[in-house]
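Here's the structure we're looking at; comments come further down.
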Amino acid sequence: MTTARIVLLPGDGIGPEIVSVGQSVLEVVAQRFDHEFSFETGIIGGCAIDQSGTPLPEETLAACCSSDAILLGAVGGPKWDDPSAATRPEQGLLTLRKELGLFANLRPISAHPQLVDASPLKREIIEGVDILFVRELTGGIYFGESGRRESSGGEAAFSEMVYQQDEIERVVRLAAEAARGRSGKLTSVDKANVLEVSRLWRQVAERVVREEYADLEYDVVLVDAMAMHLISRPTDFDVVVTGNMFGDILTDEGSMLPGSLGLLPSASLGESGPGLYEPIHGSAPDIAGQGIANPLATVLAAAMLLRHSLGLETEAVAVEAAVAGVLDAGHRTADIAAGGPAIGTAEMGQLVLDALAG
Ligand code: IPM
Ligand code: MG
């Protein structure tokens with residue numbers, strides 16, 4: 001029996017609706033497999049700014065630090081979009097990643113056979129896509145020096161992109177380990193033809209792979225070329241490791257391969273301590289509160305939580321199988337219904353729970 005303390009961070013927009021489905025799934029897993037999960041809910045993002053003046057209140061951070069795993073919905077929305085605001089919802093998420101040392105963001109992208117036609121790309125291009133993006137998450141341009149200064153051309157602004165050797169080594173190792181557990185193929189993405197920071201990235205990544213992972217099939221691709229290859233020949237890639245901003249952009253692009261953002265989970269992991277699990281889609285304020293959001297990405301994030309933070313592989317597979325079963329049976333939320341009949345968040349959640357309960 002596993003005992004776990006799980007923190008729920010619903011956040012903004014559709015966050016509360018989908019996290020509640022995620023929680024129910026974890027509760028049913030605990031029941032069926034005889035575990036004991038306790039839940040605590042914290043505020044983060046825009047709602048936290050409204051309630052406490054900061055996007056990551058101390059109590060939320062403290063609860064996360066002393067938990068085994070965190071399930072997050074989404075943060076942000078037009079209400080907090082003013083670029084001149086003192087603080088932004090996104091800052092809550094960035095601080096949480098940094099404080100917990102979550103340096104690796106795993107974003108698996110695979111095309112569910114039933115949903116191939118929901119993709120804007122042709123069936124023959126995306127059939128069989130199965131990529132694991134490993135995005136560096138606590139360094140690079142997101143966390144470098146930034147500021148404003150006077151220049152000869154008026155006001156100027158800068159954001160520095162810095163990577164230290166040890167930051168590159170640890171994320172490349174994590175990606176290489178993942179590649180060993182898959183098809184043994186690893187691709188590192190950089191912009192070494194232009195950026196010094198990318199030249200260090202390439203050097204360090206190549207050395208780590210040569211010295212420690214010589215069994216892998218390894219290649220390097222420039223980020224602009226990767227943007228093309230990702231939609232022209234996505235099945236050529238298995239594990240892809242890259243820096244924070246390149247990973248942010250490429251994973252949004254990659255998320256279009258399976259057709260819907262609504263199915264893609266992500267895990268943010270550190271050296272030790274709790275992992276953070278979330279759907280990769282945003283807070284979708286346009287449909288918040290309507291009960292029509294697709295909860296499946298959050299459910300699949302809960303599966304990743306079971307696997308990576310609690311070591312419960314059988315349970316994770318059971319959740320993934322339940323989701324696949326529901327999709328195979330033809331059930332669709334509006335985002336993946338392609339204009340056909342659609343069910344709501346709660347109904348979709350209930351179908352997964354029923355499938356799980358067996
Ligand atoms: C993501 C998001 C975040 C990021 C935002 C919300 C800060 O786009 O998780 O990809 O840029 O990392
Ligand atoms: Mg992003």
With x for Gly and Pro, the residue-by-residue ³J(HN,Hα) of region 341-351, computed from phi through the Karplus equation 6.51 cos²θ - 1.76 cosθ + 1.60 at θ = phi - 60° and given in whole Hz, is x, 10, 10, x, 4, 5, 4, 4, x, 5, 4
In cubic angstrom per residue, the convex hull of the chain built on its Cα atoms measures 146 Å³
Of every Cα-Cα pair in region 278-341, the percentage lying beyond 20 Å is 36 percent
From fewest to most C-beta neighbours within 10 Å, the residues Met1, Met228, Met245 line up as Met1, Met228, Met245
Sequence order, region 126-143: Karplus ³J(HN,Hα) from phi using 6.51 cos²θ - 1.76 cosθ + 1.60, θ = phi - 60°, Hz rounded, Gly and Pro as x, gives 9, 4, x, 4, 7, 10, 10, 7, 10, 9, 5, 10, 10, x, x, 5, 5, 10
Partner aspartates and glutamates whose C-alpha sits under 16 Å from that of Lys79, ignoring same-chain residues fewer than 8 away, are Asp12, Asp50, Glu90, Asp286
In the chain the DSSP beta bridges are antiparallel at a rate, in percent to nearest 5, of 40 percent
Under the Karplus relation with 6.51, -1.76 and 1.60 and θ = phi - 60°, whole-Hz ³J(HN,Hα) for region 91-106, x at Gly and Pro, equal 4, x, 5, 5, 5, 4, 4, 5, 4, 8, x, 7, 7, 10, 10, 9
Mean Cβ-within-10 Å packing, highest first, puts peptides 33-45, 211-223 in the order 33-45, 211-223
Once the in-chain neighbours fewer than 8 apart are removed, the lysines whose Cα is under 26 Å from Lys185 read Lys122
At the level of C-alpha centres, the distance separating region 70-122 and region 1-49, in angstrom, is 17 Å
Any residue on another chain or 5+ positions along whose placed amide H is under 5 Å from the amide H of Phe133 is listed here as Arg107, Ile109, Val240
Residues Trp201, Trp80 in order from fewest to most other beta-carbon atoms within 10 Å are Trp80, Trp201
Ranked on Cβ counts within 10 Å of their own Cβ, fewest leading, Ile14, Ile109 go Ile109, Ile14
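Coordinate-derived values only; no laboratory data. Bear in mind the structure is a predicted one, so any value in this text is a computation, not a measurement. Methodologically, a virtual Cβ is constructed for each residue, glycine included, from the backbone with ideal geometry; neighbour enumeration extends over all protein chains shown.
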